[in-house]
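**Student:** Before I ask anything, here is the structure I am working with.
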Amino acid sequence: MQEYIDFVVENPLYFIGLIVVLGFIIKLETSRFTRKYNMVNTNEAVKLMNNDDTIVVDVREDKEIKSGIIQGAQHITLGQLPDRMGHLGTNKQVPILVYCKSGTRSSSACQSIVKAGFENVSALTGGILSWEAANLPTVKR
């Protein structure tokens, strides 16, 4: 036991680094267990989209959608989402699929949508990049 104490005393930066990394891991795992939306891969997203009721939302910025958008998706940037939440309708049980470029912003968007009372919200893991990597179609706007 004394060796561990000596190591910490002699190498405080390693110990601080360990604590920081452990903190990040704990935060990540806690958020994964407490999130109220689903993370779906491209196959699961296609299954969701086969349901005619599903609302697909692209939260990328205007300049990003020039390369293509998933057909039928509504384009609402992440910054506009709080003001345009009404475009998602009033039925809080309708399935909603959200995507961005890589999956980071869609998680934030899903949190906002869930806070607005929607119950069946999913984020596309990997965003449009994973969609295109799976050779799934996009359309130009």
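**Student:** Looking at [x] 9, 29, 37, 20, 4, 0; [y] 11, 36, 25, 11, 9, 7, 1; [z] 11, 33, 27, 17, 10, 2, 0, which value of P(r) over Cα pairs in 10 Å bins from 0, in percent comes from a calculation on the structure shown?
**Tutor:** [y]
**Student:** Kindly provide the helix-only [θ] at 222 nm of the chain, computed as the sum of -39,500 (n - 2.57) over DSSP H runs of four or more divided by all residues, to the nearest 500 deg cm²/dmol?
**Tutor:** -13000 deg cm²/dmol
**Student:** Total Lys pairs in the stretch 45-141 closer than 27 Å by alpha-carbon, pairs eight or more apart in sequence or interchain only?
**Tutor:** 13
**Student:** Out of the GluC sites (Glu not before Pro) in the stretch 1-101, which ones are loop residues according to DSSP with at most 15 other C-beta atoms within 10 Å?
**Tutor:** Loop-located and lightly packed - E61.
**Student:** Could you work out how far apart the two model spin labels at L18 and V114 are, taking each label as a point 7 Å from the Cα in the direction of the beta carbon, and quote it in nm?
**Tutor:** 3.3 nm
**Student:** OK, next. Can you work out the accessible area per residue across the chain, with the rest of the protein chains kept in place, probe 1.4 Å, in square angstrom?
**Tutor:** 64 Å²
**Student:** Express the carbon and sulfur contribution to the solvent-accessible surface of the chain as a percent, rounded to the nearest whole number, probe 1.4 angstrom.
**Tutor:** Ligands and nucleic acids excluded, carbon and sulfur give 57 percent.
**Student:** Probe radius 1.4 Å, ligands and nucleic acids left out: which of H87, H75 has the largest accessible area, and how do the rest follow?
**Tutor:** Most to least solvent-accessible, the answer reads H87, H75.
**Student:** Helix 104-115: angle to the longest alpha-carbon principal axis of the chain, degrees 0 to 90, nearest 10?
**Tutor:** 70 degrees
**Student:** I would also like to ask the following. For the stretch 51-91, what size does the Cα cloud have along each of its three principal axes, sorted from largest down, in whole Å?
**Tutor:** 30, 25, 8
**Student:** Can you compute the modelled spin-label distance between M1 and H75, with each label point 7 Å from Cα toward Cβ, in nm?
**Tutor:** Output for this residue pair reads 6.4 nm.
**Student:** At R0 = 22 Å, how high is the FRET efficiency between L28 and A133 if r is their beta carbon distance? Nearest 0.05 is fine.
**Tutor:** Once rounded, the FRET efficiency stands at 0.40.
**Student:** Can you put R105, R141, R60 in order of accessible area, largest first, using a 1.4 Å probe?
**Tutor:** Largest accessible area first, the residues go R141, R105, R60.
**Student:** Given the peptides 34-42, 114-122, arrange them by the average over their residues of other C-beta atoms within 10 Å, most packed first.
**Tutor:** 114-122, 34-42
**Student:** Based on Cβ point charges of +1 for Lys and Arg and -1 for Asp and Glu, what charge dipole magnitude is obtained for the stretch 1-93 about its Cα centre, in debye rounded to the nearest 20?
**Tutor:** 420 debye
The values are calculated or read from the model by the stated rules, or taken from the named source; none is laboratory data. Everything numeric here is computed off the predicted structure, so don't read it as measured data. With ideal geometry, Cβ positions are generated from the backbone for all residues, glycine too; neighbour counts draw on all protein chains shown. Side chains included, ligands, DNA and RNA excluded: accessible areas come from the protein's heavy atoms. Shrake-Rupley method; radii C 1.70, N 1.55, O 1.52, S 1.80 Å.
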